[in-house]
Structures are given as structure tokens and as C-alpha cells.
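Chemist: Take this structure, written in C-alpha cells, and hold onto it; I'll ask about it next.
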Amino acid sequence: MQPNPDDRSDCGAASGAGARANRAGAQRLDDLFREYSGKIYGLALRLGLDRQEAEDGVQEVFLKVQRRIGTFRGEAALSTWLYRVAINTLRDHRRKTVRQTRPVSFSLLASGRPDDGDGSASPSGPDFEDERRDAQSAEMAEVHERSILVRAAMNQLSPKFREALVLRELEGMTYRDIARVLDVAQGTVESRIHRGRVKLAQILKSIQEAL
Amino acid sequence: MNDPCKKWLPRLMAWFDDEASELDAKEVRAHLLDCAPCRAAVQSWRELRLDLSLLQPDEPTEEVLERMAWRFEEGLADEIHSTSTALRWWGRLAAALMIGLGGLLIAERTVMPLAGTVEASTPREIEEAVQEILQRPVELMPLAPERPVPSGR
Ligand SMILES: [Zn+2]
């Protein structure tokens, strides 16, 4: 019988079935990455990480997925499980980076200059002022300034409110899916969304008054 | 929002977030027609929704997606390398322990049948091999017949 070259493994100890299982696992991880890496990158930006941090966050999330994929038991949808891993990982990542390195600058808000961490795809860098003058109407600039202000307010929310609001308002998830991703009761999700809205409105108001 | 309207809050929110049944939605709309505080609450949520929509990022570019895929492959390769190195070291440690354990058993029981070698490369296999050895029946070597004590005569 001809050996199946696909069944060879580096260590020579794994059986053909084991090697096939490994390849199936690697293929599954590859498919997951292709389907979800862009979505998790978007989630990271929505949660307030900047572009570089979001890329680092995606890396961390999928390495964690690779380590934990064996613990996925199929009680929840794979996407829900993946988002749960992502939310927890990005929360830790954010805790390590954002608060230490990027406190909200009210002077930046007042001048309307972009904050590195606003997560939007707006232009940045030394040419920004010129570009803005040339290409953007006063209305566009106003929208941009408002987005900085909203980001600053979101950054001041505690993670549980920010996450609930992001999943509802920016990811468009249902209460039930949010409950599954955050691993809390649906009533808790409803309460966090409501309280998050109240707090966000208060923070926005206080920032505006401070300007 | 005044107190009588607080009981409306969960239904109002469910309606605003597209979570209400058709019947509930109808009742909420009827209430909103009559209730200015609830209309104000809904209006404030609408303004927040509009504000939050400003944070909606663009789709990642192909360049970003490719860079992330490349970095992930690199990270995965590093991870597999460090895992196999760790496993190799654990394997060596376990093998050393087994040799020590084997030596002890030989010393204790005079002889220990070492039929065949144990092939184990992962911590789990090593653990199973150790368990298997420990569960082997103790086969003591027949002791040499006692020599009669020389009479000295
Ligand atoms: Zn009312």
C-alpha cells in the first residue's frame, strides 16, 4: 500500500488520523481568521482602541482562540463564543494600553484636532489642517469634532456600560446575543444599556460645559 | 421621565431597540402620542444613537487585513515553537523522574520487570506510562534457598 504523503507528520509519532485532525483544526482556525479578523478589528476600534492597538488586539484574540478552540463545546454559536473571547481579550488589552497612554485631552477637543485614539478613519498628521481646510466643509469639521467629543465621553464610561452600548448601537446585536457574548442575564444587559445611555448623556453634557 | 412613566421604561426601550412585539410596539406608540416625558426620553436616545454612529469605523483595507493575517501566522509559528520546546523539556524532566522512580522500585522490590521500553513524548503519555508501571503486579524474584548456618564445627 502506498503511504499517503499527506499523513506524514514532522515528529513521526502522530498517527494519520491525528495529523488529519491537526490539519482540520488549522484549517478551521484559518477559516475563522479569514471570516472574523476584520470584524474583530472593527469591534476593537468601536471599543476605543486606536488602529495599531486594534491590530495588536486581533493578534491577541486569535492566538487565544487557537489555544482555547478545544474548549468550545458548541452550546453557543461559534461566533458568539469568538466575540466573548474577543471582548474579554480586548478589555484586558485596553486596560493595559489606553488608560495609561492616552488620557483625554480637553485642549485637543477644544481645538478640534484629531485624537490618535478616536478609532475613525479620519486623516491625521501634520497635513491634516491643510487637508481639512481644502477638502472639508465647516459641517464636516463639526461632525469630526463631535466624533472626538463622543469618543472622549465613551472613554470615560466604565467598560461594562461601554461594551453594552457598543454591542447594541454599533454592532447592532440583540439583547439576547449581547447577554450571551457578555455572559450575563438579559435583564443585566437591558439595565447596562439604559444606565449607559444615561451616563453617556451626562458625560457629554459635562464635557461640553467644560469646553 | 416622571414616576408613572417609569413602568413604561422597559417597554419603551425594547421598542426603541427593535425588541418589542408588534402588539407592544402598538401600545408604546399610543403612549408616546400622549406622553411628553416619554417622547423626550426617546428623543434623547435618538440623539445619542446619532452621536454614537459617528464612531462607526470604515471597513479595514486589504492592506490591514493582509498585515494582520501575516502577523497572525508569525505569532502562531512562534507559539507552536515555544509549546514544542516546553513539551520537550517536560518530557525530559518526566523521563528523568521515571528513571529515578524505576531505580527506587528495583531497590525496594529486589527486581522490577522491565519488559519493553516505554515510548512517551507528551506529558499525558508520560503520565499514563507512569501509571501503567505503577499498576504492574509486583513479581518478586524467588529468593535463594537459605543456606544452612555453618556449624562452625
Ligand atoms: Zn410616559
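Chemist: Looking at (1) closer than 26 Å to A:Ile203 by Cβ; (2) within 9 Å of the ligand (Cβ to nearest atom), which one does B:Pro4 not meet, given that it meets all the others?
Modeler: All conditions are met except number (1).
Chemist: Go through region A:54-90 and give me each residue that's of a type outside the set (A, V, I, L, M, F, W, C) and either assigned to a loop (DSSP other than H, G, I, E, B) or buried (at least 24 other Cβ atoms within 10 Å of the Cβ) (or both).
Modeler: A:Gly57, A:Arg73, A:Gly74, A:Glu75, A:Tyr83
Chemist: Follow-up. Which pairs have Cβ atoms under 8 Å, sit 6 or more apart or on different chains, and link a residue in region B:1-28 that is outside any helix (DSSP H, G or I) to one that is away from the ligand (no atom under 13 Å from the Cβ)?
Modeler: B:Asp17/A:Arg168; B:Asp17/A:Tyr175; B:Asp17/A:Ile193; B:Glu19/A:Thr174; B:Glu19/A:Tyr175; B:Ala20/B:Ala14
Chemist: Considering region B:2-18 alone, what residues qualify as being touching a Cys at 6+ places or on another chain (Cβ under 8 Å) and either closer than 16 Å to A:Gly187 by Cα or exposed (fewer than 11 other Cβ atoms within 10 Å of the Cβ) (or both)?
Modeler: B:Trp8, B:Leu12
Chemist: Of all residues in region A:178-211 being of a type in the set (Lys, Arg), over 17 Å from B:Asp18 (Cβ atoms) and surrounded by 17 or more Cβ atoms within 10 Å (Cβ to Cβ), which is farthest from the chain's Cα centre (by Cα)?
Modeler: Going through the qualifying residues, I end up with A:Lys199.
Chemist: Still on this structure, I have one more. Determine which member of the set B:Arg88, B:Arg67, B:Arg124, B:Arg92 is under 33 Å from the mean Cα position of the chain (by Cα), at pLDDT 95 or above, in a helix (DSSP H, G or I) and not assigned by TED's automatic domain parsing to the domain that holds B:Trp8.
Modeler: Just one listed residue meets the conditions, B:Arg67.
Chemist: Within 12 Å of the ligand (Cβ to nearest atom), more than 12 Å from every other protein chain (Cβ to nearest Cβ), surrounded by 12 or more Cβ atoms within 10 Å (Cβ to Cβ) and farther than 30 Å from A:Ala44 by Cβ, is that true of B:Arg39?
Modeler: So B:Arg39 passes the test.
Chemist: Across region B:9-36, which residue is farthest from the ligand (Cβ to nearest atom) among those that are under 19 Å from A:Ile193 (Cβ atoms) and small (Gly, Ala, Ser)?
Modeler: Per the stated criteria, the residue is B:Ser21.
Chemist: Another question, then. Scan region B:45-60 and tell me whether some residue there is surrounded by 14 or more Cβ atoms within 10 Å (Cβ to Cβ), within 30 Å of B:Leu9 (Cα to Cα) and within 16 Å of the ligand (Cβ to nearest atom).
Modeler: yes
Table: residues versus (1) within 11 Å of chain A (Cβ to nearest Cβ); (2) basic (Lys, Arg).
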position: B:Trp8; (1), (2): no, no
position: B:Leu12; (1), (2): yes, no
position: B:Arg29; (1), (2): no, yes
position: B:Arg49; (1), (2): yes, yes
position: B:Asp58; (1), (2): yes, no
position: B:Gly75; (1), (2): yes, no
position: B:Arg88; (1), (2): yes, yes
position: B:Gly91; (1), (2): no, no
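Chemist: Could you please tell me which pairs satisfy a Cβ distance under 7 Å, a separation of 6+ or placement on different chains, a first residue in region A:34-58 that is on the phi > 0 side of the Ramachandran plot, and a second residue that is at pLDDT 95 or above and of a type in the set (D, E, K, R)?
Modeler: Every condition considered, the pairs that remain are A:Gly48/A:Arg151.
Chemist: Could you list, ordered by first residue, the pairs with Cβ atoms under 9 Å in which the first is in region B:34-55 and part of a helix (DSSP H, G or I) and the second is of a type in the set (S, T, N, Q) and away from the ligand (no atom under 14 Å from the Cβ), at least 6 apart or interchain?
Modeler: Going by the 9 Å Cβ cut-off, the qualifying pairs are B:Asp51/A:Ser147.
The values are calculated or read from the model by the stated rules, or taken from the named source; none is laboratory data. Please read these numbers as outputs of a predicted model, since none were measured by experiment. Here Cβ is always computed from backbone atoms with ideal geometry, including for glycine, and neighbour counts include all displayed protein chains.
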